[in-house]
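The values are calculated or read from the model by the stated rules, or taken from the named source; none is laboratory data. Just so you know, these numbers come straight off a predicted model, no measurement behind them. Every residue, glycine among them, receives a Cβ derived from its backbone with ideal geometry; neighbour counts consider all protein chains shown.
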Amino acid sequence: MKLAMVGLGKMGANMVRRLVRDGHEVIAYNKSPDTAIELENELENVTAVSSLEELIKTLTPPRVIWLMIPHQFVDDSIEALLAAGLEKGDLLVDGGNSNFNLSKQRAERLAMSGIHFVDSGTSGGVWGLENGYSIMVGGTDAAIAMIRPALESLAPAKDKGWGHVGPSGAGHYVKMVHNGIEYGMMQAFAEGFELLEAKEEMGLDLHQVSEIWQHGSVVRSWLLDLMADAFASDRALSSLSDYVDDSGEGRWTVQDSIELGVPTPVLTLALQMRFRSRQSPSFAGKVLNAMRAGFGGHAIKPAE
């Protein structure tokens, strides 16, 4: 099939590569035109365009346009595409990590103009090119049918790793919860390895431990594989800071758990620990020490 990819970052560019590898034709657009031109020079069946107007003219209706851009810019991009000539029967896919409530609103708004909308939760990161992407899509049956060939090519297998999970908003909702779970799993590994590191008397080799766990252990996973690779190249992780960012999905997961009254203590604490990583020093820690010194006379490490 022929479709356009808007946004050629690490995910978008590799998705283009995987699509053309499976015989699709891609119109490539990026805010920085050089990125699209580089892909055109690298790959057959890729055509770089320098504007959204050119993108609209290059595609034959009904057009399929896949957005792989930060969620903050989706509305602006939709408005720009509408102004460029997006019309009834065309399809927009939002493959970024947008809030599911906004995805529902966007689908309703575009449907009033007869434009299809699919929210696609997309997981796989930089490894998706070789391994395939886990894709959770929300929208109408008709909309999903329009992009099914692309979904089958992007997924690890034609019938595995992707699915039509529900109506508009469902794709991004499932991806939101996926990322909330990811926060909890990552925090568990982080705390476990910190505990191993702190047991100095054992002289534990964290790279060795991670490699042992990779085979046969109930905690074996892709995240553990990534840890093993990291320890292999830098045993002390000395090149990394302990500042941990969050991209929004963890917050939305916790917010929705509150709305639904569903307890998610692990996911919530994992998110809070990311906030904690950005404090240096922590005022809360100072308050705790003030209380400890007050009621128990405990020795308190002075401020540096």
Q. In the range 15-44, which residues are surrounded by fewer than 15 Cβ atoms within 10 Å (Cβ to Cβ) and either touching a helix residue (DSSP H, G or I) at 6+ places or on another chain (Cβ under 6 Å) or at positive phi (or both)?
A. D22, G23
(Q) For the range 260-271, which positions are closer than 17 Å to Q187 by Cβ and part of a helix (DSSP H, G or I)? (A) P265, V266, L267, T268, L269, A270, L271
(Q) Consider the range 128-163. How many of its residues are under 19 Å from the mean Cα position of the chain (by Cα), more than 22 Å from T60 (Cβ to Cβ), free of Cβ contacts under 8 Å to residues at least 60 places away in the same chain and outside any strand (DSSP E or B)? (A) 5
Q: Return the residue satisfying two criteria in turn: it lies in the range 104-134 and is among the polar types (S, T, N, Q) and within 25 Å of D159 (Cα to Cα), and of such residues it is surrounded by the fewest Cβ atoms within 10 Å (Cβ to Cβ).
A: N131
Q. Tell me, which residue of the range 62-116 that is acidic (D, E) and in contact with a Leu (Cβ under 9 Å, 6 or more places away or on another chain) is farthest from V177 (Cα to Cα)?
A. D90
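Only one of these is assigned by TED's automatic domain parsing to the domain that holds G139 and closer than 29 Å to G248 by Cβ: K88, K104, K57. Name it.
After ruling out the rest, the residue left standing is K104.
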**Q.** In the range 263-302, residue modelled with the lowest pLDDT [restricted to those that are touching an Asp or Glu at 6+ places or on another chain (Cβ under 9 Å) and loosely packed, with under 10 Cβ neighbours inside 10 Å]
**A.** P281
